[in-house]
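Okay, structure first, notes after.
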Amino acid sequence: MEYDNPFFGERLAKLRIAKGISAREMSFAIGQSANYINKIEGRKSYPSMSLFFYICDYLGITPEAFFCESTPPLPNDKEIETDDMRKELKDMIGGLDDEVLAHMIGIVQAILQRKH
């Protein structure tokens, strides 16, 4: 059976390609057979609701963003990595006492002055 509306499969393909991953790789990553994503993109199948949520999580988007064609392109892996590092640093800094924070500020200021 082929589904009439091409939106879902085309959107999935666009988001997957923007992320730079193969359909096979994504299929395995969400715990499915090798051709699972190809079936969806080829309008032969739709995912269950729970698998749709896994797909969105894997792509790093919300379900709402999946259906919003005006969603900006996905960040590349370097941007994601940088965001993750910033979050990790912020979490670590939150556990420091005031004296250590003052030293950290001095270190960051020195680094920034060297860059300029």
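Among Glu2, Glu64, Glu10, Glu81, which is the only one that is exposed (fewer than 14 other Cβ atoms within 10 Å of the Cβ), acidic (Asp, Glu) and modelled with pLDDT of 90 or more?
Sole residue among the options that is exposed (fewer than 14 other Cβ atoms within 10 Å of the Cβ), acidic (Asp, Glu) and modelled with pLDDT of 90 or more: Glu10.
Checking each residue in region 5-58 for being free of Cβ contacts under 8 Å to residues at least 12 places away in the same chain and charged (D, E, K, R) picks out Lys14, Glu25, Lys39, Asp57.
A count restricted to region 39-62 and to residues that are small (Gly, Ala, Ser) and closer than 17 Å to Gly20 by Cβ stands at 1. Screening Ser33, Ser45 for residues that are more than 17 Å from Glu10 (Cβ to Cβ) and either at pLDDT 90 or above or of a type outside the set (Val, Ile, Thr) (or both) leaves exactly one candidate, Ser33.
Taking region 1-54 as the region of interest, none of the helices (runs of 4 or more DSSP H) fully inside it holds 3 or more residues being on the phi > 0 side of the Ramachandran plot.
The values are calculated or read from the model by the stated rules, or taken from the named source; none is laboratory data. These numbers come from a predicted model, not from an experiment. Ideal geometry is used to build each Cβ from the backbone, glycine not excepted, and the neighbour counts take in all protein chains shown.
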